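Below: the structure, in structure tokens.
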Amino acid sequence: MAFIEIRGLQKSYRVYQKQEGLLASLTGLFHREYRNVHAVQGIDLEVEKGEFVAFLGPNGAGKTTTLKLLSGVISPSAGEARVMGFVPWERTNEYRRRFALVMGQKNQLWWDLPAAESFRLHQQIYAIAPTDFDRTLGELTDLLDVGKLLNQPVRELSLGERMKMELIAALLHSPEVLFLDEPTIGLDVIAQHNIQKFLKHYQEVRRVTILLTSHYMKDVAALCQRVVVIAEGQIMYDGSLAGVVDRFSTHKVLTLQFAGDQIPSDLDQYGELIEAVAPKVKLRVDRTEIPKVLAALLAGHTIEDVSVEDPPLEEVIADLFVQSSEQAGKKSKEVLAVGHSGR
Amino acid sequence: MYARAQTWWTILRICIEERLVYRGDFALGTLMRFLPIITQIFLWTSVYAAAGQGDIRGYTRDDVIAYYLLTMVGRAFSSMPGLASGIARQIRDGEIKKFLIQPIDLLGFLLLARIAHKLVYYGVAIGPFALVFFLCGNYFTNGWPEASVLAAFVASLVMAFLLGLFLEAAIGMIGFWFLEVSSLLFVYMLFNFFFSGHMFPLEFLTGYLPDWLQTVAHYQPLQFLAYFPAAVFLGKIEGPELVEGLCVQAAWVMVFFVVCRVAMRRGFQRYSGYGG
Amino acid sequence: MHNFLRYPRLFYTFARNSLIRDMTFRANFLIEILSNIGWMAMNLGFYILVFSYTKSIEGWDQYEFFVFIATTMFINSLVQGLFMPNAQELSELVRTGGLDYALLKPIDTQFMLSLRRINWSSLGNFFVAGILLAYALQHLDQTGFHPVQYFLYPFYILCGVLILYSVMFSLAATSIWLGRNQSLYDFWFYITNFSRYPMEIYGGNALGSSLRTIFTFVIPVLIVINVPARMMAMPMKPEYNYLATFAIVATVVSLVASRWIFKRALESYRSASS
């Protein structure tokens, strides 16, 4: 059995559908309309020990819900999951001692106390032996270079420093599985980079299994060998990051440098003009058309330099998200109908 | 002018809708508000039974219970749950900035939000209120007061609302200068508890006070939040005394309105001066 | 491992952290203690006022009633100091999603959510209550008191605290269902309002006796203060022993019920949220 195994996992929940208008608010006192949201709609996934997997997807795609399901905070509507052999939502203490969840948008440290006090509390909650605790804390503070900040109230720390402290808190009990939900959200580039460097190093040394969601492609590119693209609560892609481009980009970017200062005016017929600063031109061209277009261009014009590139990864992903959210928009009506008949 | 009215109407409507969303709170809150009356009836019945005399400082047992019911009405108008602490919190979080950025007057907004709050709350609560007053009708031994007294009662209630609003808003705005207002608010509630007269008719207390304190007690603002409207309704304050009382109440409303305005202006100046 | 000592140790750390936190806002802490005491003094003032017009209330004379008030203060200060900040924070945790973190911890969730914050300033009233009790006892004729009453008094105070905790925590748990619950505190105040008077005043008519029955047997807040207060204020009488026995049953049942409600609420959170 795989280290983390998910079969047909589903999660739907009801939200109160607020009606527009005063009258509707009044009737809302007595009768409420609910809408079913299908956050996760049948996910199958296997993750081996020591993998570093990224979940990519637009907002509301079900990434965070999946992490919450795997950490047992919420229970699923259908399907099963095993993490290290445990069913997460049974929330056994044994399981809870062996993983950690870090949410970039929420903090669990005591706001008005130095982080050191929160760590000591964690030591007791997780029953960490004093020698282990001192060693781990020493290692982590060295790695993240926050030794001097341990005795400052958390509220006085910068966002980046606070995130480092949150990470330490999560890692004190040496979890074997780590769920990271947007760990670098809101951080500046340097702080992001520091967190990335730390996570990479930590994962290489400890061989922990990490599932990460992030909006920053840089996080993903720096850290994860494997990428799982989720949209509308379903897995759309599972493989290497480079593979995402192969799988989803329909276009390539063609850069041409013409001889002389002239740019031909008939380039539109070959593809979409992205940039035209004489004598250079960037064209977005359909993948399958590349040979044909190149042949035609070379035949018709004097070209000094040419290059064919994949579009930047961020662009591919962004396109993918736009597509899927458009589809989701179309689909939501069906979802609503299903929701009502289902109950 | 029309556009302005439109804006205010929209704000009022949104506030009402916002209040209506949390219906769980709403139902529980309305229901619970009437429970203390019951205890008070039993308590005062016991006290009068043991005291063995029909009248304490001019109040019979029925008077005290009627008084207590009436202070509920007064406090329904004058109490502003969460107002001061809400303002202080908005200052602390920087949420107050929106009143610097958007063309909305903070005091005007607070007034509308509270009117909405009260309208919604007592739009529903008027049912239970009417029921309780109907059931307890016997405690009002003198029946309905005359029209003029009733008018004075209504006027004092409206002013009680304004006084409560401006008083608490003023306390909240202290948050511009001191971040922690909650303790101060607690002290205010403490005084309110005793000197607004919602636990007992203030005559019970003032009888024991030395002369100079009686004078202070006669003019202090908190009495207008609960004691004064109730005493007016029961006919304990009449004639020139009644007129004087209403004037003093109006004066206090003005005082706290001005305090609010000044505090708001100074506070915003200070706020933008420090860059929030 | 030292599983046996784990929870007491955790409690100690919670208490310690809370104290450190309170000490960082020292001025505020002092003001809070003073205003808490002020609040109680006002309450006491009210009854002094009442007793200036009457000799007794339903068989409780002034000093007996002071014992009653001291008992109220003991119990309230414990409940407010230990549980109130946590119950209030619970609805906040639901709103902000902080509840997720509590669910991740490998310790009992109810324990964690009930005791993580301690409001030390509320415990100031505990000492004031002690002084008031000592003062009242000095003026009280204690002939006919059975020695066991002095031992049962702290025991029943503990029972009272646990009953109130159960009611409060059950109310707080409903905020998990409702999503947000502003009126939790109000609700709490209005319910416990009944407990702060001698139960004898609820009598004389059908409403009184039905109130007494409801708040003794359904939501047992009426016995919270009445049972320990009577234990210390008046000689034991056989007709009240059944009530004292019932108080123990009520404590156990309340605790079990609160745990059941909490678990149910948690289930609804876990299956209803995203």
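The values are calculated or read from the model by the stated rules, or taken from the named source; none is laboratory data. Just so you know, these numbers come straight off a predicted model, no measurement behind them. Cβ coordinates were reconstructed from backbone atoms using ideal geometry, including for glycine residues, and neighbour counts include every protein chain displayed.
What the table shows:
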item	result
Residue in region C:29-49 that is more than 22 Å from C:Ala129 (Cβ to Cβ), of a type outside the set (Lys, Arg) and modelled with pLDDT under 90 present	no
Breaking point among (1) within 9 Å of chain C (Cβ to nearest Cβ); (2) within 25 Å of A:Ser75 (Cβ to Cβ); (3) not polar (S, T, N, Q), for A:Val102	(1)
Test: A:Leu187 is closer than 14 Å to A:Leu56 by Cβ and more than 11 Å from the chain's Cα centre (by Cα)	no
Identity of the residue in region C:129-157, β-branched (Val, Ile, Thr) and at pLDDT 95 or above, that ends up nearest to C:Thr216 (Cα to Cα)	C:Ile157
Close pairs from region A:202-224: first assigned by TED's automatic domain parsing to the domain that holds A:Gly239 and among the aromatic types (Phe, Trp, Tyr), partner buried (at least 17 other Cβ atoms within 10 Å of the Cβ) and part of a helix (DSSP H, G or I), Cβ under 8 Å, at least 6 apart	A:Tyr202/A:Leu143; A:Tyr202/A:Leu171; A:Tyr216/A:Gln192
Scope region B:202-226; condition under 16 Å from the mean Cα position of the chain (by Cα) and not in a helix (DSSP H, G or I); matching residues	B:Gln220, B:Ala226
Boolean, A:Leu144 is crowded, with 19+ Cβ neighbours inside 10 Å, more than 14 Å from every other protein chain (Cβ to nearest Cβ) and at pLDDT below 95	yes
Filter result for C:Ala173 (more than 25 Å from C:Asp22 (Cβ to Cβ) and modelled with pLDDT of 95 or more)	no
Residues (at the interface with chain C (Cβ under 7 Å from one of its Cβ atoms), buried (at least 20 other Cβ atoms within 10 Å of the Cβ) and not charged (D, E, K, R)) located in region A:114-124	A:Leu121
Residue tally, condition more than 10 Å from chain C (Cβ to nearest Cβ), buried (at least 24 other Cβ atoms within 10 Å of the Cβ) and at pLDDT below 90, over region A:58-73	2
Within region C:201-237, tally of residues that are crowded, with 17+ Cβ neighbours inside 10 Å and either out of contact with any helix residue (DSSP H, G or I) (no Cβ under 7 Å at 6 or more places or on another chain) or assigned to a helix (DSSP H, G or I) (or both)	18
Residue within region C:17-28 that is without any contact (Cβ under 8 Å) to a residue 40 or more places away in the chain, buried (at least 19 other Cβ atoms within 10 Å of the Cβ), in a helix (DSSP H, G or I) and more than 14 Å from chain A (Cβ to nearest Cβ) present	no
Residues (more than 14 Å from chain A (Cβ to nearest Cβ), surrounded by 20 or more Cβ atoms within 10 Å (Cβ to Cβ) and within 16 Å of the chain's Cα centre (by Cα)) located in region C:101-138	C:Ser114, C:Ser121, C:Ser122, C:Gly124, C:Asn125, C:Ala129
Tally of residues being within 8 Å of chain B (Cβ to nearest Cβ) and either loosely packed, with under 15 Cβ neighbours inside 10 Å or more than 25 Å from C:Thr72 (Cβ to Cβ) (or both) across region C:29-44	0
Selection status of C:Gly160, at pLDDT below 95 and either under 17 Å from C:Leu78 (Cβ atoms) or surrounded by fewer than 19 Cβ atoms within 10 Å (Cβ to Cβ) (or both)	no
Breaking point among (1) assigned to a helix (DSSP H, G or I); (2) small (Gly, Ala, Ser); (3) closer than 26 Å to A:Leu241 by Cα, for A:Ala295	(3)
Scan of region B:116-152 for residues that are more than 15 Å from B:Ala230 (Cα to Cα), small (Gly, Ala, Ser) and in contact (Cβ under 8 Å) with a residue 40 or more places away in the chain, ordered by number	B:Ala116, B:Ala125
Verdict on C:Gly97 being at positive phi, away from every other protein chain (no Cβ under 13 Å) and either among the small types (Gly, Ala, Ser) or in contact with a strand residue (DSSP E or B) (Cβ under 9 Å, 6 or more places away or on another chain) (or both)	no
Any hit, region B:234-241, residues being under 15 Å from the mean Cα position of the chain (by Cα), farther than 25 Å from C:Tyr53 by Cα and in a helix (DSSP H, G or I)	no
